[in-house]
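Just below is one structure, and these are the notes that go with it.
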Amino acid sequence: MKKVLIFIIAISVLNLSNNSIFAQEYKSTVGIDAGVSIVGAAIRAVAYSEGKTASDYKYSSTPVLQLTYGYMLTKNISVGVAGSHQEYKFSIPDGSVAAEIKRSNFAIRGLFHYGSSDRIDMYSGVRLGYTIWGTDVKTTDPTLKPTLKTLEKNYLGKRFAAQLVAFGIRGYFTKNIGAHAEFSIGSPYYLVAGLNFRF
């Protein structure tokens, strides 16, 4: 969090300096992101609900990996598409549970951009899409089977996903290349950061 705040302050300071060298109209932005989600916490919660502790299981996950494209319709409105992917692995050392879970999300995004600076871009918006879950869960423990079935039935599979992009900020180091951070509410992530390219 401290690094994100330092990034935002640095971009703001850059924006106060000679802004005119970036004066040019850009229509398209491509972003490459990595981020975090709350699904890992949910998987851990399932383990704890069965009386397990952190030493009783192994868990790993990839960051949310994402690619976005946005097109400026007006000075303040953009529309675009986004695709993200994340994978999780969970197992209990005694072999009673071994699970691999994957999810991919494909969505459209609409963003409102604040201000008109060429060096810094702040925005909010919405993301509407579809999440596809893939699971491979094996268990020999009969007490876990009902929990896993409930998890698959209620939370996995294919489903609609909505997200509020609460606040995003992009800063540009050159005319075309910059970095960004984005805070969101809803699936598939709550925080991402990465590089952005405009043209």
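What the table below lists for this structure:
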| read-out | value |
| --- | --- |
| Number of the condition not met by Tyr130 [criteria: (1) crowded, with 16+ Cβ neighbours inside 10 Å; (2) in a strand (DSSP E or B)] | (1) |
| Among (1) in contact (Cβ under 8 Å) with a residue 60 or more places away in the chain; (2) of a type outside the set (A, V, I, L, M); (3) assigned to a strand (DSSP E or B), the one test that Thr143 misses | (3) |
| Odd one out for Lys27, checked against (1) within 17 Å of the chain's Cα centre (by Cα); (2) modelled with pLDDT under 95 | (1) |
| Test: residue in region 2-18 that is of a type outside the set (D, E, K, R) and modelled with pLDDT of 65 or more | no |
| Members of region 149-172 that are touching a helix residue (DSSP H, G or I) at 6+ places or on another chain (Cβ under 8 Å) and either assigned to a helix (DSSP H, G or I) or surrounded by fewer than 15 Cβ atoms within 10 Å (Cβ to Cβ) (or both) | Leu151, Tyr155 |
| Selected residue (criterion: surrounded by the fewest Cβ atoms within 10 Å (Cβ to Cβ)) from residues of region 60-70 that are part of a strand (DSSP E or B) and not aromatic (Phe, Trp, Tyr) | Ser60 |
| Residues within region 108-136 that are more than 25 Å from Tyr190 (Cα to Cα) and over 24 Å from the mean Cα position of the chain (by Cα), tallied | 3 |
| Every pair of residues 6+ apart whose Cβ atoms lie under 8 Å, when the first sits in region 88-112 and is at positive phi while the second is surrounded by fewer than 16 Cβ atoms within 10 Å (Cβ to Cβ) and of a type outside the set (Asp, Glu) | Gly95/Thr140 |
| All positions within region 173-192 that are surrounded by 15 or more Cβ atoms within 10 Å (Cβ to Cβ) and over 21 Å from Lys102 (Cβ atoms) | Lys175, Gly178, Ala179, His180, Ala181, Glu182, Phe183 |
| Members of region 71-85 that are surrounded by 18 or more Cβ atoms within 10 Å (Cβ to Cβ), under 16 Å from the mean Cα position of the chain (by Cα) and either modelled with pLDDT under 95 or closer than 19 Å to Tyr123 by Cα (or both) | Gly80, Ala82 |
| Residue check for Ala99: among the aliphatic types (A, V, I, L, M), touching a strand residue (DSSP E or B) at 6+ places or on another chain (Cβ under 7 Å) and more than 21 Å from Thr135 (Cβ to Cβ) | no |
| Residues satisfying the stated conditions in region 86-107, i.e. farther than 16 Å from Glu152 by Cα, surrounded by fewer than 19 Cβ atoms within 10 Å (Cβ to Cβ) and either aliphatic (A, V, I, L, M) or under 21 Å from the mean Cα position of the chain (by Cα) (or both) | Phe106 |
| Scope region 149-171; condition more than 21 Å from Arg109 (Cα to Cα) and touching a residue at least 60 places away in the same chain (Cβ under 8 Å); matching residues | Leu151, Tyr155 |
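The values are calculated or read from the model by the stated rules, or taken from the named source; none is laboratory data. Everything numeric in this text was worked out from a predicted model, so none of it was measured. Cβ sites come from the backbone with ideal geometry, for glycine too, and all protein chains shown count toward neighbours.
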